[in-house]
Every structure is written in C-alpha cells, then in structure tokens.
Amino acid sequence: MRWYAGSDHAGVALKRHLVELLRALGDEVEDLGTHDEASVDYPDYGAAVARAVVAAPGALGLIVCGTGIGIAIAANKVPGARAAVVHDTFTAEATRAHNDANILSLGARVIGPGVAEAAVRAFRATPFEGGRHARRVEKMAALDGCLPDGDRRP
Ligand code: RB5
C-alpha cells in the first residue's frame, strides 16, 4: 500500500511514529513534511498530501495537526480528496467503509499514540463497501466537479 503523510508542527511527532508503524507493516510512505517542531501552517501540508493522493489512484493519505480538523479542512479543498477526522477504530472503519475516505486525519492533541495506531490499522484494513454508499460518494465527488477517483468529469 502506498501512503503520503503530512503534518504541521503540532502533529509531527505523532506522524513520525505512525509513518514508522506503516513502514513496519510493509507499506511505502512518502513523508511530505513538516520534518521538525518549527511552527508551520497546516494548510500547506494538508493540500500537499491531498494533491499527491488524488494524483496516485489507490494511494492513501495520513495527515496530523493538533486537532486533525484544520489540516482536514484544507485537504478537502482539493477535488477528489476525502479526508476524515478520526478519533478511534469505529470512525476509522466507518469512514473507509461508507465514505471511501482516502485521507486519515488525526489530532495529536486529542488522541494518544495507542488509539492513533489502532485507528491507522483499522483504516488500512477496511475496504470501501460500495453498494448504496457508492452513489453517495459519487454525489460528493460531483460537488467537487470530479469523479470519485479525482478525475475531472467529462
Ligand atoms: C496549531 O497550533 C494548531 O492550530 C493546528 O495544529 C491545528 O490544531 C489546527 O486545526
């Protein structure tokens, strides 16, 4: 599985930990920054991860800021991105199964590393259910003016 990861300064330590976990599980992860605790702006990293995920069909994104919220709002401005703020294994599974979320967003000031690890494992292991949910994901993509994989509509 291929991932793109990104965080601001508030999320960098948790992101680093989760990137190591994903690599230990055998996944390929490109860390798009930030790489240290110096203060940066989360929209830059949310957008960078979202653009990379949309450009690589099948890839997933991992983004982390203090709450997981700001960086997800920014990521979701990129057509084709479906970034979900997740707090536990239930929300991680539900957003993959129902929303076909392609970016997992976590709040480093909200959850600890144990819950975050469990959420990453659940997100990674859960497929999109399709069926009635596909129609809803298509409607979300239409709001972006694109297809669910991020391709522009004909
Ligand atoms: C940074 O202080 C903080 O605002 C940011 O990490 C995030 O929580 C924004 O949503």
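The values are calculated or read from the model by the stated rules, or taken from the named source; none is laboratory data. Small disclaimer: the values here were computed from a predicted structure and weren't measured. Cβ coordinates were reconstructed from backbone atoms using ideal geometry, including for glycine residues, and neighbour counts include every protein chain displayed. These area figures cover heavy atoms from the full protein model, side chains too; ligands, DNA and RNA do not enter into them. Shrake-Rupley method; radii C 1.70, N 1.55, O 1.52, S 1.80 Å.
So the values come out like this:
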{"read-out": "Qualifying residue in segment 49-56 (condition: within 22 Å of ALA141 (Cβ to Cβ), of a type outside the set (Phe, Trp, Tyr) and within 16 Å of the ligand (Cβ to nearest atom))", "value": "yes"}
{"read-out": "Set ARG135, ARG109, ARG96: member being in contact with a Ser or Thr (Cβ under 8 Å, 6 or more places away or on another chain), among the charged types (D, E, K, R) and over 16 Å from MET1 (Cβ atoms)", "value": "ARG109"}
{"read-out": "Any pair with Cβ under 7 angstrom, 6 or more apart, that starts in segment 9-37 at a residue that is more than 11 Å from the ligand (Cβ to nearest atom) and modelled with pLDDT of 95 or more and ends at one that is open to solvent by 60 Å² or more (accessible area, probe 1.4 Å) and among the aliphatic types (A, V, I, L, M)", "value": "ASP27/MET1"}
{"read-out": "Residue list for segment 53-65, filter: open to solvent by 10 Å² or more (accessible area, probe 1.4 Å) and farther than 20 Å from PRO148 by Cβ", "value": "none"}
{"read-out": "Which listed residue, of ILE63, ILE71, is within 14 Å of the ligand (Cβ to nearest atom), in a helix (DSSP H, G or I), at pLDDT 95 or above and of a type in the set (A, V, I, L, M)", "value": "ILE71"}
{"read-out": "Top-ranked residue of segment 127-154 - restricted to ones that are farther than 22 Å from GLY68 by Cα and either among the β-branched types (Val, Ile, Thr) or part of a strand (DSSP E or B) (or both), ranked as farthest from the chain's Cα centre (by Cα)", "value": "ARG152"}
{"read-out": "Pairs with Cβ under 8 Å, 6+ apart, first in segment 75-104 and open to solvent by 40 Å² or more (accessible area, probe 1.4 Å), second in a loop (DSSP other than H, G, I, E, B) and basic (Lys, Arg)", "value": "ASN76/ARG82; ASN99/ARG82"}
{"read-out": "Residue list for segment 16-40, restricted to those being surrounded by fewer than 15 Cβ atoms within 10 Å (Cβ to Cβ) and farther than 23 Å from MET1 by Cβ", "value": "ASP36, GLU37, ALA38, SER39"}
{"read-out": "Test: residue in segment 33-53 that is among the β-branched types (Val, Ile, Thr), within 16 Å of VAL110 (Cα to Cα) and in a helix (DSSP H, G or I)", "value": "no"}
{"read-out": "Hits in segment 74-119 (condition: within 16 Å of the ligand (Cβ to nearest atom), assigned to a helix (DSSP H, G or I) and touching a His at 6+ places or on another chain (Cβ under 7 Å))", "value": "none"}
{"read-out": "Any hit, segment 128-138, residues being open to solvent by less than 70 Å² (accessible area, probe 1.4 Å), among the small types (Gly, Ala, Ser) and within 28 Å of LEU14 (Cβ to Cβ)", "value": "no"}
{"read-out": "Boolean, ARG124 is touching a residue at least 60 places away in the same chain (Cβ under 8 Å), open to solvent by 60 Å² or more (accessible area, probe 1.4 Å) and part of a helix (DSSP H, G or I)", "value": "yes"}
